[in-house]
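In what follows, a single structure is set out as structure tokens and then discussed.
The values are calculated or read from the model by the stated rules, or taken from the named source; none is laboratory data. Worth saying up front: this structure is predicted, and the values here are computed from it rather than measured. Don't worry about glycine lacking a Cβ; one is built from the backbone with ideal geometry, like all the others, and counts go over all protein chains shown.
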Amino acid sequence: MSAAGFLEKLLDGAEVVWKPLGDIAQYSTTRIGSDQLNQSNYVGVDNLLQNRAGRVNSNYVPTSGNLTEFKEGDVLIGNIRPYLRKIWHADRRGGTNGDVLVVHPTDSVLNSRYLFQVLTDENFFEYNIQHSKGAKMPRGSKTHILQYLVPIPCPDDPQKSLAIQGEIVRRLDSFTELTTELTTELTTELTQRKKQYNHYRDQLLTFDEYETEWKALGDVAHFQNAKPHEKLVSPDGDVALLTAGFISSEGKSARFVKAADVLTPALKDDVAMVMSDLPNGRALAKTFFVEENDRYAANQRVCLLRVREPTIFFPKFLHYVMNRNKQLLRYDSGYDQTHLKKDWILEVKVPVPPIAEQIHIVAILNKFDTLTTSISEGLLREIELREKQYAWYRDQLLSFPKPNAEVA
């Protein structure tokens, strides 16, 4: 039986009432002291995982003050871009901050796990994004979120309603368990491949400080601060904008500007590097190597490094040396947005082995990079397929008759 057919049989003609979230739940109104929190029960947007994948232990725990309390069964939702698709069904008591909303069920005719499944639907995320407010870091509208409509089967018969909700949850959790198991296996494989690549890269880029010449980055490369092109983004643009998101996603989130509007062009053999990122961000100090002229422009969070003498310092060698450079990552505080200063960047010490050795190292790393990227893309496609299968199945099981009027 199809998922849609199962739902129809399960309802057996029962009435479905769509209620505003605020009628069946509320935001947490209680507080918890920081002395009761640890890495496993403090939850911020940084340790909530994207795409409904739950949470991991936090690297940061507040040491003073009171925070928003959550309890087992509450639904936690990331409420600041780009984290509006982060959601977790709490399995413990703990605390969080203002970047995470804690939705606490208040209606006895509501299975909290059922509410979680409803709020993991893409329709809710799109609704939340549509009503988010703010320029730099938009936040979801707490008022509009409470207006989001939630389907409740036969609310006048609590026993039957909870039975229907429970069976939907059972089916979805079973499918989730299988999907999670497969995704975990694929993610583990992907992580292992990346570890192997990083190991070989670190080995190839490790030099004896007494046998190899070391120079300040400013002695081997020019630094160019990029300009803010965000307001120039155009659907008709033909020049990709180098942003932290673009570089961290390896080119999968490109926005474009028109060539005539570009104030800071990136030239062939430039190394673009992310100067500003969120706490514990994956993009800070991440680099992108420009292979072609007139294809890219950088925004204000990205700088361009241009080798002074390519016959002495190979441009792509600079890319590998500076990518997530540990001398720069030490400035990441872990609890606030990090902005790398120009002086910090130019003071980085880089190895300058003979040019022939640089070229040889780059050739090896290029091969590793190509192999790792190929494997990564294949595994990521498989993970994406599993997630789409789950999303389709969830949507079918939650495809209740729609209310007459959509929420504004």
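Miscellaneous remarks
- Within segment 1-21, being surrounded by fewer than 16 Cβ atoms within 10 Å (Cβ to Cβ) and under 32 Å from the mean Cα position of the chain (by Cα) holds for Ala4, Pro20.
- Ala25 meets the conditions (1) under 29 Å from Ser161 (Cβ atoms); (2) in contact with a Phe, Trp or Tyr (Cβ under 6 Å, 6 or more places away or on another chain); (3) of a type outside the set (D, E, K, R) in every case but one. The failed one is (2).
- Residues located in segment 226-240, provided they are in contact with a helix residue (DSSP H, G or I) (Cβ under 7 Å, 6 or more places away or on another chain) and either hydroxyl-bearing (Ser, Thr, Tyr) or surrounded by fewer than 16 Cβ atoms within 10 Å (Cβ to Cβ) (or both): Asp238
- Some residue of segment 197-214 being in contact (Cβ under 8 Å) with a residue 60 or more places away in the chain and more than 21 Å from Leu318 (Cβ to Cβ): no
- Of residues in segment 318-334 being of a type in the set (A, V, I, L, M) and within 21 Å of Asp46 (Cα to Cα), the one modelled with the lowest pLDDT: Leu329
- Unique match (being within 22 Å of Gln358 (Cβ to Cβ), assigned by TED's automatic domain parsing to the domain that holds Thr287 and either basic (Lys, Arg) or touching a Gly at 6+ places or on another chain (Cβ under 7 Å) (or both)) among Lys227, Lys215: Lys215
- Unique residue being surrounded by 22 or more Cβ atoms within 10 Å (Cβ to Cβ) and over 30 Å from Leu385 (Cα atoms) when the list is Gly94, Gly98, Gly65, Gly33: Gly94
- The set of residues in segment 363-402 that are among the hydroxyl-bearing types (Ser, Thr, Tyr) and either closer than 29 Å to Asn198 by Cβ or in a helix (DSSP H, G or I) (or both) comprises Thr370, Thr372, Thr373, Ser374, Ser376, Tyr390, Tyr393.
- Entry remark, segment 33-64: residues being over 22 Å from Asn128 (Cβ atoms), under 27 Å from the mean Cα position of the chain (by Cα) and outside any loop (DSSP other than H, G, I, E, B) number 2 in total.
- Index of the failed condition, Ala405 passing every other in (1) of a type in the set (Gly, Ala, Ser); (2) modelled with pLDDT of 75 or more; (3) over 30 Å from Tyr200 (Cβ atoms): (2)
- Within segment 361-379, residues that are farther than 16 Å from Ser249 by Cα and not assigned by TED's automatic domain parsing to the domain that holds Ser248 reach partners that are in a helix (DSSP H, G or I) and among the aliphatic types (A, V, I, L, M) with beta carbons closer than 7 Å, at six or more positions or on different chains, in the pairs Ile361/Leu204; Ile364/Leu204; Leu365/Leu204.
- Selection count, segment 98-133, where residues are over 15 Å from Asp395 (Cβ atoms), of a type in the set (S, T, N, Q) and either over 20 Å from the mean Cα position of the chain (by Cα) or modelled with pLDDT of 90 or more (or both): 4
- Selection status of Gln203, more than 27 Å from the chain's Cα centre (by Cα) and under 14 Å from Val321 (Cβ atoms): yes
- Summed over segment 308-342, the residues that are crowded, with 19+ Cβ neighbours inside 10 Å and either under 15 Å from Asn225 (Cα atoms) or outside the structural domain of Pro228 (by TED's automatic domain parsing) (or both) give a count of 1.
- Within segment 204-224, the set of residues being in a strand (DSSP E or B) and at pLDDT 95 or above comprises Trp214, Lys215, Ala216, Ala221, His222, Phe223.
- Residue match in segment 117-137 (condition: within 20 Å of Phe70 (Cβ to Cβ) and either in contact with a Pro (Cβ under 8 Å, 6 or more places away or on another chain) or not assigned by TED's automatic domain parsing to the domain that holds Gln389 (or both)): yes
Yes/no per residue for (1) among the aromatic types (Phe, Trp, Tyr); (2) farther than 20 Å from Leu205 by Cβ; (3) free of Cβ contacts under 8 Å to residues at least 60 places away in the same chain:
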{"position": "Phe317", "(1), (2), (3)": "yes, no, yes"}
{"position": "Asn323", "(1), (2), (3)": "no, no, yes"}
{"position": "Arg330", "(1), (2), (3)": "no, no, yes"}
{"position": "Tyr393", "(1), (2), (3)": "yes, yes, no"}
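- Conditions (1) touching a residue at least 60 places away in the same chain (Cβ under 8 Å); (2) farther than 30 Å from Glu384 by Cα; (3) crowded, with 18+ Cβ neighbours inside 10 Å: number failed by Leu190: (2)
- Members of segment 225-258 that are free of Cβ contacts under 8 Å to residues at least 40 places away in the same chain, closer than 25 Å to Lys316 by Cα and not in a loop (DSSP other than H, G, I, E, B): Ser248, Phe256
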